[in-house]
């Protein structure tokens, strides 16, 4: 059972016990490998998108669908499995998720075409709840003062494993093909499963009742229709019959979900929580932030930098080393510092600062996209602004503001927005980038800027229990 809800900032004798410290270190190592296994699926594959398109006789836009599918399934898993872990146990769900992810990695590694690649990426998305479950476990086993830096370290990985993953992905793609990337991911996944089984303790929340499967089904269907509708709108026009039909179905599923939650004694997340400023501003901020920035970093600049006609004409490895690795490496340092600083300065203040600086950086890159070294400096700075300031505080608030009666609900919903936002961003910009024109790449960057502006606006509404929780943590 969870027993840490009432932890104070005071340390206990156990915190200085060498045996207890060693146990926490082993647990943290296992959890970090779990999130690394997931992150490699998200970031290590990015530099190989053009090569995957060539080897599978397809296009970057079609390969982008497999990326969108991965994040879509990850978002659904983030909502459903994180909340289910309140009932079934966090360790158990973490192990099962990593196991399904590993099976999907084998399918993707052996894929002869884009369709089978999509099937593999679908299965890999099952580990989409890993980050949120890890955050909850860390909150359970660490003191509030220890939680901030640990949160920052895990969050830093969400921007890339110190930049080494993107560079290694580019190197593997250039020399041994994209299948070698999935082989590396498979090895890390297997090791993560073994260490989790050995070192991670089981825990569940004192969550009343049973899992709200009807609500989970309705919300999952809504998210699927939203993604399909957005993808269709970007490809066929927002007024086309398929786009309108899919988005209408999404709205119907959201309404159904709302009424299910109002009538369930133990809902997936209470409608009262959804309406409060404790919940929706964080969810909206996360969704808009990821939709904007993830697509810019992991799709637009990757494809543009490897475009020999209007871009920089770089190799996959060089592209990753220049535009992906620096921000991830800087974020690995900036995020833990942010986690230490946020409880002292204010989580929201740092979040607003980070989003504002992200907007400024993206504006520079958009207007000077043909200046390679300026764009390099801009994307490197996102290691502080995005990976450090913005993501760490958004993740932290997602845990801090979670309702006491359903601790897995907001982290799950917030984590889903990470995955859905990442997938939506690619789905929106991919048809624009597919034109292959310089103006198309610039338009994709402007789309990213617009979404981050929306994120900053949504973040201004974060209120409710924030101040109270900040004092506690």
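For segment 71-98, which positions are in a helix (DSSP H, G or I), in contact (Cβ under 8 Å) with a residue 40 or more places away in the chain and farther than 13 Å from residue 131 by Cβ?
72, 73, 76, 80, 83, 84, 86, 87, 88, 91, 92, 95
Count, please, the residues in segment 101-113 that happen to be surrounded by 19 or more Cβ atoms within 10 Å (Cβ to Cβ) and either more than 24 Å from residue 79 (Cβ to Cβ) or at pLDDT below 90 (or both).
Final tally of qualifying residues: 1.
Looking at segment 231-252, which of its residues are within 30 Å of residue 264 (Cα to Cα) and crowded, with 17+ Cβ neighbours inside 10 Å?
The answer is 246, 247, 249, 250.
Does segment 307-316 contain any residue that is buried (at least 19 other Cβ atoms within 10 Å of the Cβ), closer than 17 Å to residue 39 by Cβ and either in contact (Cβ under 8 Å) with a residue 60 or more places away in the chain or more than 17 Å from the chain's Cα centre (by Cα) (or both)?
no
Mind checking whether some residue in segment 265-281 is under 28 Å from residue 39 (Cα atoms), assigned to a helix (DSSP H, G or I) and under 20 Å from the mean Cα position of the chain (by Cα)?
Yes, there is a match, as at least one residue in segment 265-281 is under 28 Å from residue 39 (Cα atoms), assigned to a helix (DSSP H, G or I) and under 20 Å from the mean Cα position of the chain (by Cα).
Please verify whether residue 11 is over 18 Å from the mean Cα position of the chain (by Cα), at pLDDT below 80 and in a loop (DSSP other than H, G, I, E, B), treating the condition exactly as stated.
Yes.
Sort out which residues of segment 52-65 are in contact with a helix residue (DSSP H, G or I) (Cβ under 8 Å, 6 or more places away or on another chain), modelled with pLDDT of 85 or more and part of a helix (DSSP H, G or I), and write them in order of number.
Here is the first cut: in segment 52-65, the residues in contact with a helix residue (DSSP H, G or I) (Cβ under 8 Å, 6 or more places away or on another chain) are 52-53, 55-56, 58-65.
Cutting the leftovers down to modelled with pLDDT of 85 or more gives us 52-53, 55-56.
Listed by number, the residues that qualify are 52, 53, 55.
Residue-wise test of (1) in contact with a helix residue (DSSP H, G or I) (Cβ under 8 Å, 6 or more places away or on another chain); (2) surrounded by fewer than 19 Cβ atoms within 10 Å (Cβ to Cβ); (3) assigned to a helix (DSSP H, G or I).
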{"site": "354", "(1), (2), (3)": "yes, no, yes"}
{"site": "361", "(1), (2), (3)": "yes, no, yes"}
{"site": "369", "(1), (2), (3)": "yes, no, no"}
{"site": "373", "(1), (2), (3)": "no, yes, yes"}
{"site": "377", "(1), (2), (3)": "no, yes, yes"}
{"site": "384", "(1), (2), (3)": "yes, no, yes"}
{"site": "388", "(1), (2), (3)": "yes, no, yes"}
{"site": "398", "(1), (2), (3)": "yes, no, yes"}
{"site": "415", "(1), (2), (3)": "yes, no, yes"}
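Quick one: would you say residue 124 is at pLDDT 90 or above, under 16 Å from the mean Cα position of the chain (by Cα) and assigned to a helix (DSSP H, G or I)?
It is true that residue 124 is at pLDDT 90 or above, under 16 Å from the mean Cα position of the chain (by Cα) and assigned to a helix (DSSP H, G or I).
For residue 116, all conditions in the list (1) touching a helix residue (DSSP H, G or I) at 6+ places or on another chain (Cβ under 6 Å); (2) in a helix (DSSP H, G or I) hold save one; what is the number of the exception?
Among (1) touching a helix residue (DSSP H, G or I) at 6+ places or on another chain (Cβ under 6 Å); (2) in a helix (DSSP H, G or I), the lone unmet condition for residue 116 is (1).
Does residue 338 satisfy being under 17 Å from the mean Cα position of the chain (by Cα), surrounded by 24 or more Cβ atoms within 10 Å (Cβ to Cβ) and in contact (Cβ under 8 Å) with a residue 24 or more places away in the chain?
no
The values are calculated or read from the model by the stated rules, or taken from the named source; none is laboratory data. What you see is a predicted model, and the numbers here were worked out from it, not measured in a lab. Positions of Cβ are backbone-derived with ideal geometry, glycine not excepted, and every protein chain shown enters the neighbour counts.
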